[in-house]
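Have a look at the structure below, then the notes.
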Amino acid sequence: MSQFKGSQIITKNEEDTATLRKMALLAQQIPRWLNSIKLSSSITATQLRKCFPRAGKTLLPGFFAQPQLSSDDCFLRSGFKTYRTSSVWNSSQSTNSSGQEINCAQNTLLPSVNEPSQKSQKIPSFDSELSLEGLDDLPPLSPLQPISEEEAIQIIADPPLPPSSFTLRDYVDHSETLKKLVLLGVDLSKIEKHPDAANLLLRLDFEKDIKQILLFLKDLGIEDNQLGTFLTKNYAIFSEDLENLKTRVAYLLSKNFSKVDIAQMVRNAPFLLSFSVERLDNRLGFFQKELELSVKKTRDLVIRLPRLLTGSLEPVKENMKVYRLELGFKRNEIQHMITKIPKMLTANKRKVTETFDYVHNVMCVPHHIIVKFPQVFNSRLFKVKERHLFLAYLGRAQYDPAKPNYISLDKLVSVPDEIFCEEMAKASVQDFEKFLKTL
(Lines give C-alpha, C1' and ligand atoms only; values in the text may rest on other atoms or scores of the structure.)
Protein backbone atom coordinates (compact mmCIF):
# COMPACT_ATOMS: atom_id res chain seq x y z
CA MET A 1 0.00 0.00 0.00
CA SER A 2 2.87 2.31 0.82
CA GLN A 3 4.57 1.32 -2.44
CA PHE A 4 1.45 2.18 -4.44
CA LYS A 5 1.19 5.53 -2.74
CA GLY A 6 4.90 6.17 -3.38
CA SER A 7 4.53 5.37 -7.09
CA GLN A 8 1.57 7.71 -7.31
CA ILE A 9 3.64 10.50 -5.74
CA ILE A 10 6.54 9.88 -8.15
CA THR A 11 4.23 9.87 -11.16
CA LYS A 12 2.59 13.04 -10.01
CA ASN A 13 5.94 14.73 -9.51
CA GLU A 14 7.02 13.78 -13.00
CA GLU A 15 3.87 15.27 -14.43
CA ASP A 16 4.44 18.49 -12.47
CA THR A 17 8.01 18.67 -13.71
CA ALA A 18 6.92 18.32 -17.36
CA THR A 19 4.30 20.96 -16.85
CA LEU A 20 6.88 23.31 -15.32
CA ARG A 21 9.24 22.81 -18.25
CA LYS A 22 6.49 23.70 -20.73
CA MET A 23 5.59 26.77 -18.72
CA ALA A 24 9.25 27.79 -18.57
CA LEU A 25 9.64 27.51 -22.34
CA LEU A 26 6.52 29.62 -22.80
CA ALA A 27 7.79 32.21 -20.33
CA GLN A 28 11.03 32.58 -22.32
CA GLN A 29 9.03 34.06 -25.19
CA ILE A 30 7.37 36.78 -23.07
CA PRO A 31 10.38 39.17 -22.79
CA ARG A 32 10.94 38.97 -26.56
CA TRP A 33 7.26 39.71 -27.16
CA LEU A 34 7.31 42.69 -24.79
CA ASN A 35 10.46 44.11 -26.41
CA SER A 36 8.91 43.90 -29.87
CA ILE A 37 5.80 45.65 -28.55
CA LYS A 38 7.87 48.47 -27.05
CA LEU A 39 9.77 49.03 -30.32
CA SER A 40 6.71 49.06 -32.57
CA SER A 41 4.19 50.94 -30.45
CA SER A 42 5.71 54.42 -30.27
CA ILE A 43 2.89 56.97 -30.16
CA THR A 44 2.62 60.73 -30.04
CA ALA A 45 1.01 62.97 -27.46
CA THR A 46 -2.01 63.47 -29.66
CA GLN A 47 -2.52 59.74 -29.97
CA LEU A 48 -2.21 59.35 -26.21
CA ARG A 49 -4.86 61.99 -25.61
CA LYS A 50 -7.19 60.27 -28.05
CA CYS A 51 -6.67 56.85 -26.60
CA PHE A 52 -6.50 57.83 -22.90
CA PRO A 53 -8.51 60.95 -22.24
CA ARG A 54 -8.44 60.56 -18.44
CA ALA A 55 -6.22 63.12 -16.75
CA GLY A 56 -3.32 61.74 -14.79
CA LYS A 57 -3.27 58.40 -16.65
CA THR A 58 -0.57 58.99 -19.26
CA LEU A 59 3.09 58.40 -19.97
CA LEU A 60 6.09 60.64 -19.60
CA PRO A 61 8.09 61.86 -22.58
CA GLY A 62 10.47 59.39 -24.12
CA PHE A 63 8.50 56.31 -23.14
CA PHE A 64 6.72 53.86 -25.32
CA ALA A 65 3.11 52.91 -24.72
CA GLN A 66 2.46 49.47 -23.34
CA PRO A 67 -0.21 47.74 -25.44
CA GLN A 68 -3.40 46.48 -23.91
CA LEU A 69 -3.24 42.83 -23.04
CA SER A 70 -5.16 40.39 -25.13
CA SER A 71 -7.10 37.41 -23.90
CA ASP A 72 -4.04 35.22 -24.46
CA ASP A 73 -1.97 37.55 -22.27
CA CYS A 74 -4.58 37.38 -19.56
CA PHE A 75 -4.44 33.61 -19.79
CA LEU A 76 -0.64 33.72 -19.43
CA ARG A 77 -0.90 35.90 -16.31
CA SER A 78 -3.47 33.58 -14.75
CA GLY A 79 -1.20 30.73 -15.73
CA PHE A 80 1.68 32.33 -13.81
CA LYS A 81 -0.49 32.65 -10.72
CA THR A 82 -1.65 29.03 -11.10
CA TYR A 83 1.90 27.97 -11.64
CA ARG A 84 3.09 29.75 -8.51
CA THR A 85 0.29 28.25 -6.42
CA SER A 86 0.77 24.76 -7.76
CA SER A 87 4.53 24.95 -7.40
CA VAL A 88 4.29 25.91 -3.73
CA TRP A 89 1.76 23.15 -3.08
CA ASN A 90 3.81 20.60 -4.98
CA SER A 91 6.96 21.59 -3.14
CA SER A 92 5.39 20.82 0.20
CA GLN A 93 4.18 17.44 -1.01
CA SER A 94 7.19 16.27 -2.99
CA THR A 95 10.51 14.84 -1.86
CA ASN A 96 13.56 16.98 -1.20
CA SER A 97 15.19 16.17 -4.52
CA SER A 98 12.07 17.02 -6.46
CA GLY A 99 11.63 20.27 -4.51
CA GLN A 100 15.20 21.30 -5.33
CA GLU A 101 14.62 20.61 -9.03
CA ILE A 102 11.45 22.71 -9.02
CA ASN A 103 13.13 25.60 -7.21
CA CYS A 104 16.05 25.45 -9.64
CA ALA A 105 13.69 25.64 -12.58
CA GLN A 106 11.87 28.56 -11.01
CA ASN A 107 15.08 30.48 -10.31
CA THR A 108 16.75 29.93 -13.67
CA LEU A 109 13.91 29.94 -16.15
CA LEU A 110 11.50 32.55 -14.75
CA PRO A 111 13.45 35.31 -13.05
CA SER A 112 11.01 37.98 -14.23
CA VAL A 113 8.13 36.08 -12.59
CA ASN A 114 9.57 35.28 -9.21
CA GLU A 115 11.82 38.31 -8.60
CA PRO A 116 12.10 41.35 -10.95
CA SER A 117 15.65 41.77 -12.22
CA GLN A 118 17.50 45.02 -11.53
CA LYS A 119 18.86 45.12 -15.09
CA SER A 120 15.50 44.61 -16.76
CA GLN A 121 13.82 47.78 -18.17
CA LYS A 122 10.73 48.90 -16.33
CA ILE A 123 7.65 49.50 -18.50
CA PRO A 124 5.31 52.17 -17.16
CA SER A 125 1.80 51.05 -16.47
CA PHE A 126 -1.26 52.69 -17.96
CA ASP A 127 -2.69 52.92 -14.46
CA SER A 128 0.24 54.96 -13.12
CA GLU A 129 -0.77 58.52 -12.47
CA LEU A 130 1.31 60.93 -14.62
CA SER A 131 0.74 64.54 -15.60
CA LEU A 132 -0.72 65.51 -18.99
CA GLU A 133 1.48 68.58 -19.01
CA GLY A 134 4.46 66.42 -19.78
CA LEU A 135 3.02 65.59 -23.17
CA ASP A 136 3.51 69.18 -24.34
CA ASP A 137 7.26 68.75 -24.00
CA LEU A 138 7.41 65.80 -26.36
CA PRO A 139 10.12 66.28 -29.02
CA PRO A 140 8.94 66.62 -32.62
CA LEU A 141 8.78 63.52 -34.72
CA SER A 142 11.73 62.86 -36.98
CA PRO A 143 10.98 62.97 -40.74
CA LEU A 144 12.82 59.65 -41.01
CA GLN A 145 10.56 57.94 -38.49
CA PRO A 146 8.45 55.25 -40.15
CA ILE A 147 4.69 55.71 -40.13
CA SER A 148 1.80 53.37 -40.73
CA GLU A 149 -0.20 53.14 -43.94
CA GLU A 150 -3.24 54.72 -42.23
CA GLU A 151 -1.19 57.78 -41.22
CA ALA A 152 0.33 58.05 -44.67
CA ILE A 153 -3.10 58.10 -46.30
CA GLN A 154 -4.20 60.99 -44.07
CA ILE A 155 -1.27 63.21 -45.09
CA ILE A 156 -2.38 65.97 -47.49
CA ALA A 157 0.58 67.34 -49.43
CA ASP A 158 0.42 70.47 -51.59
CA PRO A 159 1.41 70.02 -55.24
CA PRO A 160 5.02 71.03 -55.87
CA LEU A 161 5.72 74.44 -57.38
CA PRO A 162 6.86 73.97 -60.99
CA PRO A 163 10.40 75.30 -61.59
CA SER A 164 9.30 76.69 -64.95
CA SER A 165 6.04 77.02 -66.85
CA PHE A 166 4.49 78.61 -69.91
CA THR A 167 1.49 79.91 -67.97
CA LEU A 168 0.93 81.85 -64.75
CA ARG A 169 -2.00 79.57 -63.94
CA ASP A 170 0.39 77.08 -62.33
CA TYR A 171 1.54 79.73 -59.84
CA VAL A 172 -1.75 81.37 -58.88
CA ASP A 173 -2.43 78.92 -56.03
CA HIS A 174 1.05 79.55 -54.60
CA SER A 175 1.23 83.35 -55.01
CA GLU A 176 -0.87 85.70 -52.91
CA THR A 177 0.05 88.53 -55.30
CA LEU A 178 -1.35 86.75 -58.34
CA LYS A 179 -4.54 85.83 -56.47
CA LYS A 180 -5.25 89.45 -55.58
CA LEU A 181 -4.44 90.67 -59.08
CA VAL A 182 -6.96 88.22 -60.49
CA LEU A 183 -9.57 89.54 -58.05
CA LEU A 184 -8.84 93.05 -59.35
CA GLY A 185 -9.66 91.90 -62.87
CA VAL A 186 -6.14 91.58 -64.28
CA ASP A 187 -6.00 89.26 -67.30
CA LEU A 188 -2.95 87.07 -66.60
CA SER A 189 -3.34 85.26 -69.93
CA LYS A 190 -2.25 88.45 -71.70
CA ILE A 191 0.57 89.23 -69.31
CA GLU A 192 2.07 85.74 -69.48
CA LYS A 193 2.78 86.30 -73.19
CA HIS A 194 5.63 88.51 -72.00
CA PRO A 195 8.03 86.32 -69.96
CA ASP A 196 9.74 89.31 -68.35
CA ALA A 197 6.42 90.66 -67.11
CA ALA A 198 5.40 87.27 -65.70
CA ASN A 199 8.69 86.94 -63.84
CA LEU A 200 8.25 90.47 -62.49
CA LEU A 201 4.84 89.70 -60.99
CA LEU A 202 6.10 86.51 -59.37
CA ARG A 203 8.86 88.41 -57.57
CA LEU A 204 6.63 91.21 -56.29
CA ASP A 205 5.08 91.36 -52.84
CA PHE A 206 1.54 92.69 -52.81
CA GLU A 207 1.80 94.64 -49.56
CA LYS A 208 5.23 96.15 -50.22
CA ASP A 209 5.31 96.66 -54.01
CA ILE A 210 1.74 96.73 -55.36
CA LYS A 211 -0.54 98.16 -52.70
CA GLN A 212 1.03 101.62 -52.77
CA ILE A 213 0.72 101.81 -56.58
CA LEU A 214 -2.96 100.87 -56.39
CA LEU A 215 -3.63 103.57 -53.80
CA PHE A 216 -1.85 106.10 -55.99
CA LEU A 217 -3.97 105.20 -59.02
CA LYS A 218 -7.18 105.43 -56.99
CA ASP A 219 -6.18 108.88 -55.73
CA LEU A 220 -5.52 109.84 -59.33
CA GLY A 221 -9.10 108.98 -60.31
CA ILE A 222 -8.92 105.40 -61.63
CA GLU A 223 -12.04 103.52 -60.53
CA ASP A 224 -11.99 100.01 -59.06
CA ASN A 225 -13.62 98.49 -62.16
CA GLN A 226 -10.95 100.15 -64.34
CA LEU A 227 -7.89 98.91 -62.45
CA GLY A 228 -7.94 95.45 -64.05
CA THR A 229 -7.88 96.79 -67.62
CA PHE A 230 -5.26 99.39 -66.78
CA LEU A 231 -2.89 96.93 -65.06
CA THR A 232 -3.31 94.34 -67.81
CA LYS A 233 -1.97 96.86 -70.32
CA ASN A 234 0.61 98.60 -68.15
CA TYR A 235 1.87 95.93 -65.76
CA ALA A 236 5.29 97.64 -65.92
CA ILE A 237 4.01 100.40 -63.65
CA PHE A 238 4.84 98.13 -60.69
CA SER A 239 8.53 98.53 -61.52
CA GLU A 240 8.25 102.34 -61.41
CA ASP A 241 9.27 104.32 -58.38
CA LEU A 242 6.29 105.92 -56.65
CA GLU A 243 8.04 109.27 -56.32
CA ASN A 244 8.70 109.36 -60.07
CA LEU A 245 5.00 108.74 -60.76
CA LYS A 246 4.03 111.59 -58.47
CA THR A 247 6.57 113.86 -60.17
CA ARG A 248 5.05 113.20 -63.62
CA VAL A 249 1.57 113.95 -62.36
CA ALA A 250 2.85 117.15 -60.78
CA TYR A 251 4.38 118.16 -64.15
CA LEU A 252 1.05 117.74 -65.96
CA LEU A 253 -0.69 119.73 -63.27
CA SER A 254 1.84 122.50 -63.78
CA LYS A 255 0.87 122.59 -67.48
CA ASN A 256 -2.72 123.37 -66.48
CA PHE A 257 -4.03 119.84 -66.97
CA SER A 258 -6.77 119.27 -64.43
CA LYS A 259 -6.86 116.15 -62.26
CA VAL A 260 -9.92 114.97 -64.18
CA ASP A 261 -8.07 115.45 -67.47
CA ILE A 262 -5.07 113.51 -66.18
CA ALA A 263 -7.28 110.61 -65.03
CA GLN A 264 -8.94 110.51 -68.46
CA MET A 265 -5.56 110.56 -70.21
CA VAL A 266 -4.19 107.77 -68.02
CA ARG A 267 -7.26 105.59 -68.65
CA ASN A 268 -7.01 106.04 -72.44
CA ALA A 269 -3.21 105.82 -72.52
CA PRO A 270 -2.10 103.52 -69.67
CA PHE A 271 1.61 103.96 -70.48
CA LEU A 272 1.47 107.75 -70.04
CA LEU A 273 2.89 107.71 -66.51
CA SER A 274 5.71 105.39 -67.57
CA PHE A 275 7.35 108.23 -69.56
CA SER A 276 9.75 110.64 -67.95
CA VAL A 277 9.03 114.33 -67.50
CA GLU A 278 11.59 115.19 -70.17
CA ARG A 279 9.86 113.02 -72.76
CA LEU A 280 6.42 114.36 -71.94
CA ASP A 281 7.74 117.92 -72.26
CA ASN A 282 9.39 117.14 -75.62
CA ARG A 283 6.17 115.63 -76.99
CA LEU A 284 4.06 118.63 -76.02
CA GLY A 285 6.63 120.94 -77.54
CA PHE A 286 6.71 118.94 -80.79
CA PHE A 287 2.96 119.15 -81.43
CA GLN A 288 2.80 122.77 -80.52
CA LYS A 289 5.65 123.62 -82.88
CA GLU A 290 4.91 121.20 -85.74
CA LEU A 291 1.19 121.98 -85.94
CA GLU A 292 1.65 125.63 -84.99
CA LEU A 293 -1.03 125.34 -82.32
CA SER A 294 -1.60 127.46 -79.26
CA VAL A 295 -0.95 126.13 -75.79
CA LYS A 296 -4.66 125.61 -75.15
CA LYS A 297 -5.26 123.81 -78.46
CA THR A 298 -2.21 121.62 -77.87
CA ARG A 299 -3.51 120.71 -74.43
CA ASP A 300 -6.99 119.93 -75.78
CA LEU A 301 -5.45 117.85 -78.56
CA VAL A 302 -3.51 115.52 -76.24
CA ILE A 303 -6.44 115.27 -73.80
CA ARG A 304 -8.64 113.92 -76.57
CA LEU A 305 -5.91 111.64 -77.94
CA PRO A 306 -3.29 111.01 -75.20
CA ARG A 307 -1.69 108.29 -77.33
CA LEU A 308 0.05 111.15 -79.11
CA LEU A 309 2.28 111.43 -76.04
CA THR A 310 3.05 107.69 -75.80
CA GLY A 311 3.05 106.43 -79.39
CA SER A 312 5.61 106.74 -82.13
CA LEU A 313 6.04 110.06 -83.90
CA GLU A 314 6.79 108.51 -87.29
CA PRO A 315 3.13 108.01 -88.35
CA VAL A 316 2.39 111.60 -87.30
CA LYS A 317 5.21 113.01 -89.37
CA GLU A 318 4.26 110.84 -92.36
CA ASN A 319 0.60 111.87 -92.28
CA MET A 320 1.52 115.54 -92.05
CA LYS A 321 3.46 115.18 -95.29
CA VAL A 322 0.58 113.29 -96.94
CA TYR A 323 -2.01 115.97 -96.10
CA ARG A 324 0.22 118.79 -97.20
CA LEU A 325 2.07 117.38 -100.26
CA GLU A 326 -0.10 114.57 -101.67
CA LEU A 327 -3.62 115.71 -100.82
CA GLY A 328 -2.96 119.42 -101.25
CA PHE A 329 -4.32 120.76 -97.99
CA LYS A 330 -2.96 124.00 -96.57
CA ARG A 331 -1.40 124.22 -93.14
CA ASN A 332 -4.33 126.08 -91.59
CA GLU A 333 -6.72 123.51 -93.11
CA ILE A 334 -4.70 120.70 -91.56
CA GLN A 335 -4.85 122.45 -88.20
CA HIS A 336 -8.61 122.73 -88.43
CA MET A 337 -9.10 119.07 -89.36
CA ILE A 338 -6.81 117.56 -86.71
CA THR A 339 -8.29 119.69 -83.93
CA LYS A 340 -11.71 118.29 -84.85
CA ILE A 341 -10.54 114.72 -85.59
CA PRO A 342 -7.22 114.11 -83.74
CA LYS A 343 -7.12 110.50 -85.03
CA MET A 344 -6.22 111.87 -88.45
CA LEU A 345 -2.66 112.26 -87.15
CA THR A 346 -2.31 108.51 -86.51
CA ALA A 347 -4.62 107.17 -89.26
CA ASN A 348 -3.42 104.63 -91.79
CA LYS A 349 -1.80 106.38 -94.74
CA ARG A 350 -3.36 104.11 -97.35
CA LYS A 351 -6.83 104.50 -95.90
CA VAL A 352 -6.51 108.29 -95.87
CA THR A 353 -5.40 108.50 -99.50
CA GLU A 354 -8.12 106.11 -100.76
CA THR A 355 -10.85 107.99 -98.91
CA PHE A 356 -9.70 111.35 -100.21
CA ASP A 357 -9.39 110.03 -103.74
CA TYR A 358 -12.98 108.74 -103.80
CA VAL A 359 -14.56 111.74 -102.06
CA HIS A 360 -12.63 114.36 -104.05
CA ASN A 361 -12.34 112.72 -107.47
CA VAL A 362 -15.48 110.50 -107.68
CA MET A 363 -17.95 112.44 -105.55
CA CYS A 364 -16.44 115.77 -106.72
CA VAL A 365 -16.30 117.28 -103.25
CA PRO A 366 -13.82 120.22 -103.12
CA HIS A 367 -11.12 120.70 -100.46
CA HIS A 368 -12.86 123.44 -98.51
CA ILE A 369 -15.96 121.25 -97.97
CA ILE A 370 -13.82 118.28 -96.91
CA VAL A 371 -12.09 120.57 -94.42
CA LYS A 372 -15.46 121.43 -92.88
CA PHE A 373 -16.39 117.75 -92.54
CA PRO A 374 -13.20 115.84 -91.79
CA GLN A 375 -15.30 113.03 -90.24
CA VAL A 376 -15.21 111.43 -93.68
CA PHE A 377 -11.60 110.34 -93.01
CA ASN A 378 -12.75 108.60 -89.84
CA SER A 379 -15.45 106.47 -91.53
CA ARG A 380 -15.41 103.27 -93.55
CA LEU A 381 -14.89 103.79 -97.24
CA PHE A 382 -17.28 101.01 -98.35
CA LYS A 383 -20.10 102.69 -96.43
CA VAL A 384 -19.42 106.01 -98.21
CA LYS A 385 -19.43 104.22 -101.59
CA GLU A 386 -22.73 102.39 -100.96
CA ARG A 387 -24.63 105.50 -99.94
CA HIS A 388 -23.16 107.69 -102.67
CA LEU A 389 -24.05 105.15 -105.36
CA PHE A 390 -27.61 104.86 -104.06
CA LEU A 391 -27.99 108.67 -104.06
CA ALA A 392 -26.56 108.85 -107.56
CA TYR A 393 -28.99 106.13 -108.67
CA LEU A 394 -31.85 108.24 -107.32
CA GLY A 395 -30.38 111.49 -108.74
CA ARG A 396 -29.84 113.03 -105.30
CA ALA A 397 -26.04 112.99 -105.02
CA GLN A 398 -25.58 116.72 -104.50
CA TYR A 399 -22.90 117.85 -102.02
CA ASP A 400 -22.66 121.58 -102.77
CA PRO A 401 -24.26 123.62 -99.95
CA ALA A 402 -25.05 126.45 -102.41
CA LYS A 403 -27.39 124.23 -104.46
CA PRO A 404 -30.81 122.69 -103.61
CA ASN A 405 -31.15 119.15 -102.24
CA TYR A 406 -27.80 119.53 -100.48
CA ILE A 407 -26.45 116.36 -98.78
CA SER A 408 -24.09 116.98 -95.87
CA LEU A 409 -20.95 114.83 -95.74
CA ASP A 410 -21.29 114.66 -91.98
CA LYS A 411 -24.74 113.08 -92.10
CA LEU A 412 -23.80 110.94 -95.07
CA VAL A 413 -21.26 109.00 -93.00
CA SER A 414 -22.68 109.23 -89.47
CA VAL A 415 -26.46 108.64 -89.45
CA PRO A 416 -28.01 105.14 -89.44
CA ASP A 417 -29.61 103.59 -92.53
CA GLU A 418 -33.17 104.43 -91.46
CA ILE A 419 -32.50 108.19 -91.20
CA PHE A 420 -30.35 108.17 -94.34
CA CYS A 421 -33.12 106.59 -96.40
CA GLU A 422 -35.92 108.70 -94.95
CA GLU A 423 -34.30 112.16 -94.88
CA MET A 424 -31.67 112.04 -97.64
CA ALA A 425 -32.59 109.35 -100.17
CA LYS A 426 -36.38 109.75 -99.69
CA ALA A 427 -36.72 106.00 -100.09
CA SER A 428 -37.42 102.96 -97.94
CA VAL A 429 -34.84 100.81 -96.28
CA GLN A 430 -36.05 97.82 -98.33
CA ASP A 431 -35.29 99.70 -101.54
CA PHE A 432 -31.80 100.49 -100.27
CA GLU A 433 -31.19 96.87 -99.35
CA LYS A 434 -32.38 95.68 -102.78
CA PHE A 435 -30.03 98.16 -104.43
CA LEU A 436 -27.07 96.89 -102.41
CA LYS A 437 -27.70 93.40 -103.81
CA THR A 438 -27.07 94.70 -107.29
CA LEU A 439 -23.60 95.98 -106.48
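Figure the gain on full extension for ILE419 and PHE275 (residue separation times 0.36 nm, minus the Cα-Cα span) and round it to one decimal in nm.
Answer, rounded to one decimal: 47.3 nm.
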Neighbour cut-off at most 15 other Cβ (10 Å), DSSP loop, trypsin sites (Lys or Arg not before Pro), the range 287-342: LYS330
Two-site FRET efficiency, HIS174 against ASN256, from Cβ-Cβ distance with R₀ of 56 Å, rounded to 0.05: 0.75
The range 314-386: chymotrypsin sites (Phe, Trp or Tyr not before Pro) in DSSP loop, at most 12 other beta carbons within 10 Å: none
Residue-level accessible surface for THR339, protein heavy atoms, 1.4 Å, Å²: 50 Å²
Pairwise FRET efficiency - LEU325 versus ASP205, Cβ, R0 = 41 Å, nearest 0.05: 0.15
Residue list for the range 295-322, given a label point 7 angstrom along the Cα-to-Cβ vector of LEU184 and an amide N cut-off under 19 Å: none
Dipole of the range 290-418, positive end: most advanced residue of VAL365, LEU301, PRO342 [Cβ charges, Cα centre]: LEU301
Residue-count net charge about GLN226 - beta-carbon cut-off 13 Å; Lys, Arg +1, Asp, Glu -1: +1
Three-way shape label, the range 358-410, alpha-carbon gyration tensor, a/c 1.5: oblate
Rounded, prolate or oblate (a/c below 1.5 giving rounded, otherwise prolate when a/b exceeds b/c) for the range 306-349 by Cα gyration tensor: oblate
Cβ-defined net charge surrounding LEU412, 15 Å radius [Lys, Arg +1; Asp, Glu -1]: +1
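Before I look further, what does the range 395-439 give for accessible area per residue, probe 1.4 Å, in whole square angstrom?
Numbers: 2820 Å² over 45 residues.
That works out to 63 Å² for each residue.
By the gyration tensor of its Cα atoms, with a ≥ b ≥ c the square roots of the eigenvalues, what is the shape of the range 229-276: rounded for a/c under 1.5, prolate for a/b over b/c, or oblate?
Working: a/c = 2.70, a/b = 1.30, b/c = 2.07.
Oblate.
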Accessible area in square angstrom per residue, the range 230-348, 1.4 angstrom probe: 49 Å²
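Could you tell me the relative contact order of the range 302-439? Use alpha-carbon pairs under 8 Å, at least six residues apart, and round to a whole percent.
Rounded, it is 16 percent for the range 302-439.
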Within the range 207-314, GluC sites (Glu not before Pro) in DSSP loop having at most 16 other beta-carbon neighbours inside 10 Å: GLU223, GLU240, GLU292
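The values are calculated or read from the model by the stated rules, or taken from the named source; none is laboratory data. Values in this document were obtained by computation on a predicted structure and should not be read as measured data. Neighbour counts run over all protein chains shown; Cβ positions are idealised from the backbone, glycine included. Quick note on the areas: whole protein, heavy atoms, side chains included, nothing else; ligands and nucleic acids left out. Shrake-Rupley method; radii C 1.70, N 1.55, O 1.52, S 1.80 Å.
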